[in-house]
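Please treat every number below as a calculation from the coordinates, not as lab data. Predicted model, so just to flag it, every value in this text is computed and none were measured. Glycine also receives a Cβ, built like all others from the backbone with ideal geometry; neighbour counts cover every protein chain displayed.
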């Protein structure tokens, strides 16, 4: 029966056309051989297709990822120097506090967003984080969860970890469905808890929190967490790194509440992956390439909140025009256009905040001299 794997020359009646591929098997089985070949899509005449031309899609995204990672490293170094200046009583090098560090304070950003909504005034403490959050939400509304796939430094590190695992072990590992689905719900549960906690706070309570000692140096306490790991903290980080080597985007897929929130907004995005059935040759490398494990080869459009807008499926597709990132399922969106749109939204939000005087946290130096050296003395109120 192995001869049945050879394609037939026609459709419909199994006894029409060339029947030479079924010779050499018992006559009683020849009808079944030809009928199977005629009705099975994988045994019929292959579709005509054009090989996809190589382009710069992967390099464009890699450049944006590494550029944003370098920006965050630079901000981190500046902030470390800023903190050391106040920790040493002014003996260290003085640098201005980089407001971009507030992008690492998502809870404070949510608090400020509610405070702004309630009072109509931009908060004076950690306002940059709020504008960055608004920028990332706008990106998700327009460009899917591209913040996670293009800009997030944790997402970039996570991606290079699972790529390292694939290089070392020639594969990544996927959790069984019975474990995958419940674990994926964890990030939504965490998101819900944070939204519930912030949503339940009054504007006065939020202002009291942010303007208190803990709120003023929340960024310093965040830095100290990474500088002075406890045994438990180090164990958790080590476990996440190890799991990220074996499982694609383990943190992003199962635990990141920030990504869960942005994923919900991405449902409304007009930009999405679209598969053209008439040009698709059903080879399935797109599904294998998807870091979110989506069935790209089975769907017409990808609307899942798990889609990172990373173009990995598009790059892996060998057939020209079969798979593209599109606007409203029609016009293709090349990677350079995605990068330009991301940059416009991000730098537009930062520029607006700076021009309106709403970017920097205005805390007197004397206050920092008093609070920064004692950062570990302040607990969560």
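Just the number, please: Stokes-Einstein D of segment 214-369 in µm²/s, Kirkwood Rh from C-alpha pairs, 37 °C, 0.692 mPa s. Could you put the intermediate results ahead of the total?
Numbers: Rh = 19.1 Å.
Approximately 172 µm²/s, per Stokes-Einstein.
Can you give me the relative contact order of the chain as a percent, contacts being Cα pairs under 8 Å and 6 or more apart?
On the way: 530 pairs, mean separation 86.3, N = 381.
This gives 23 percent for the chain.
Tell me the mean residue ellipticity at 222 nm calculated for the chain from its helices only (DSSP H runs of n ≥ 4, each -39500 (n - 2.57), averaged over every residue, nearest 500). List each step's numbers first, then the result.
Details: 16 runs with 206 residues, N = 381.
Helix-only estimate at 222 nm: -17000 deg cm²/dmol.
Contact order normalised by length for segment 271-335, with contacts defined as Cα pairs under 8 Å and 6 or more residues apart; what percent is it? Spell out each step's value before the answer.
Working: 104 pairs, mean separation 29.4, N = 65.
Relative CO of segment 271-335 lands at 45 percent.
First check a/c for segment 242-286, with a ≥ b ≥ c the square roots of the eigenvalues of its C-alpha gyration tensor; if it is under 1.5, answer rounded, and if not, answer prolate when a/b is larger than b/c or oblate otherwise. Walk me through the intermediate numbers first.
Values: a/c = 5.96, a/b = 1.39, b/c = 4.30.
Oblate, since a/c reaches 1.5 and b/c is not below a/b.
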Discussion item. So the label point goes 7 Å from the Cα of residue 119 along Cα→C-beta, right? Which residues of segment 175-208 then have their backbone N under 20 Å from it?
Written reply: 197-208
Practice prompt. Compute the FRET efficiency between residue 282 and residue 226 as 1/(1 + (r/R0)^6), taking r as their Cβ-Cβ distance and R0 = 35 Å, and round to the nearest 0.05.
Written response: 0.15
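Taking 2.2 N^0.38 Å as the expected size of a compact globular protein, what ratio does the Cα radius of gyration of segment 338-381 give against it, to two decimals?
Details: Rg = 16.9 Å, N = 44, 2.2 N^0.38 = 9.3 Å.
Ratio of Rg to 2.2 N^0.38 Å for segment 338-381: 1.83.
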Fill in: Two-decimal log10 I(q)/I(0) for segment 90-221, as the Debye equation yields it once each C-alpha is a single scatterer, q = 0.11, 0.21 Å⁻¹
-0.57, -1.31
Worksheet item: Expressed in nm², what is the orientationally averaged projection area of the convex hull enclosing the Cα positions of segment 36-156?
Response: 13.7
Worksheet item: For residue 48 and residue 344, what is the calculated FRET efficiency with R₀ set at 45 Å and r taken between the beta-carbons, to the nearest 0.05?
Response: 0.70
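Between rounded, prolate and oblate, where does segment 167-278 land on the alpha carbon gyration tensor, with a ≥ b ≥ c its root eigenvalues, rounded for a/c under 1.5, else prolate if a/b exceeds b/c?
oblate
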Worksheet entry | Label-to-label distance, nm, for residues given as residue 74 and residue 330 (7 Å Cα→Cβ offset) | 4.0
Worksheet item: Which whole-angstrom value gives the distance between the alpha carbon centres of segment 120-192 and segment 68-93?
Response: 25
Item to complete: Assuming a ≥ b ≥ c are the square roots of the Cα gyration tensor eigenvalues, decide whether segment 271-335 counts as rounded (a/c under 1.5), prolate (otherwise, with a/b larger than b/c) or oblate.
Response: rounded
Worksheet item: Among (1) 73, 49, 42; (2) 96, 43, 39; (3) 63, 51, 41, which is the computed Cα extents along the principal axes in Å?
Response: (2)
